[in-house]
Amino acid sequence: MGTLYLVSTPIGNLEDISLRALRVLKEVSLIASEDTRQTRKLLTRYAIATRQVSYHEHSRRSRLASLLEALEGGDVALVSDAGTPALSDPGFELVRSAWARGHTVRPIPGASAPMAALVASGLPSDSFFFLGYLPRLRAERRKSLEACAGQPATLVCFEVPHRLRPALADLEAILGPDREAAACRELTKLHEEIRRGTLSELRRHFDATEPRGEFTLVISGAPAGSRWQPTAVQEALRDRKRQGDSASQAARHVARLSGWRRGEVYRMALEDRDASPKRSGGER
């Protein structure tokens, strides 16, 4: 019975790999790579000739059986594009299946973008909540942020450059403009940048500066007894009503998340409805 090794690879700088990881990559019979082209750069750098196969989001179903078969005859290493495998990538399914078949699973620790960003952010690291990639759609993203708005632990998430601006706008609206945060860009790479400030300051900066590279965002948790800003409550109410909630249903949902009393939120929902412009009979 073979062993499945979860080998952490560099997130940018190719020197950020352990001696143990290099030895395992040389000794296993097969490397399952999220992107074989990306992994080949690392293997070439360290003169490793082990055979690769691709294992990613689109091939995981067709490739899973052959990887389990390979484990019957030898050891297999799983690597992601960068960082720690099975964290925000399809490796999770292979790990579960390997355990179910009775194989040994061994982690080979190393680089991790969430951990690198967290410890460099200057925000509390004794307790944190990892969100992975924020949802692409605005309604789903806001729903996800609402669910963790009262979380006292530091929040960590990934974001791609073309969605950074709307993500920061939603973070500011739901969590409040004064939350401390850090936007960590291109960690360990040539153009690494860690920018700290409040959510409103970060949002204004990237409104004026084109986001480039992969981002890891770190946001301070909710202070004890904190309440959402009024604008965040109003935005959340409008989102719920756009999803079909009545004023009462929206108020109950938002009050539970925001730290506001239900009666206060309900009055705000009614005032917002009364203040909405009325359509004339000819408009549709």
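The values are calculated or read from the model by the stated rules, or taken from the named source; none is laboratory data. Fair warning: this is a prediction, and the values are worked out from it, not measured in the lab. Glycine also receives a Cβ, built like all others from the backbone with ideal geometry; neighbour counts cover every protein chain displayed.
Being aliphatic (A, V, I, L, M), more than 28 Å from Gly12 (Cα to Cα) and surrounded by fewer than 22 Cβ atoms within 10 Å (Cβ to Cβ) holds for only one residue in Ala208, Ala224, Ala232, and it is Ala224. When Arg203, Arg163 are checked against the criterion of being buried (at least 17 other Cβ atoms within 10 Å of the Cβ), within 15 Å of the chain's Cα centre (by Cα) and of a type in the set (Lys, Arg), a single residue qualifies: Arg163. Out of Glu140, Glu172, one residue alone is surrounded by fewer than 15 Cβ atoms within 10 Å (Cβ to Cβ) and at negative phi. It is Glu140. Taking (1) without any contact (Cβ under 8 Å) to a residue 12 or more places away in the chain; (2) under 14 Å from Ala149 (Cα atoms) in turn, Ser258 satisfies each apart from (1).
Listed conditions (1) buried (at least 17 other Cβ atoms within 10 Å of the Cβ); (2) modelled with pLDDT of 95 or more are all met by Glu193, apart from (1). Among the residues of segment 217-230, those that are out of contact with any Pro (no Cβ under 6 Å at 6 or more places or on another chain) and on the phi < 0 side of the Ramachandran plot comprise Leu217, Val218, Ile219, Ser220, Pro223, Ala224, Ser226, Arg227, Trp228, Gln229, Pro230. Would you confirm whether or not segment 93-110 contains a residue that is under 16 Å from the mean Cα position of the chain (by Cα) and closer than 22 Å to Arg40 by Cβ? No, segment 93-110 contains no residue that is under 16 Å from the mean Cα position of the chain (by Cα) and closer than 22 Å to Arg40 by Cβ.
All conditions in (1) closer than 22 Å to Pro161 by Cβ; (2) under 14 Å from the mean Cα position of the chain (by Cα); (3) in contact (Cβ under 8 Å) with a residue 60 or more places away in the chain hold for Leu87, with the sole exception of (3). Within segment 91-134, restricting attention to residues that are of a type outside the set (D, E, K, R), out of contact with any helix residue (DSSP H, G or I) (no Cβ under 8 Å at 6 or more places or on another chain) and part of a loop (DSSP other than H, G, I, E, B), the residue that is surrounded by the fewest Cβ atoms within 10 Å (Cβ to Cβ) is Gly102. Within segment 143-158, take every residue that is surrounded by fewer than 23 Cβ atoms within 10 Å (Cβ to Cβ) and part of a strand (DSSP E or B) and give me the one that is nearest to the chain's Cα centre (by Cα). Within segment 143-158, the match that is nearest to the chain's Cα centre (by Cα) is Phe158. The set of residues from segment 202-227 being more than 21 Å from Ser112 (Cα to Cα) and touching a helix residue (DSSP H, G or I) at 6+ places or on another chain (Cβ under 7 Å) comprises Leu202, Arg203, Phe206, Asp207, Pro211, Arg227.
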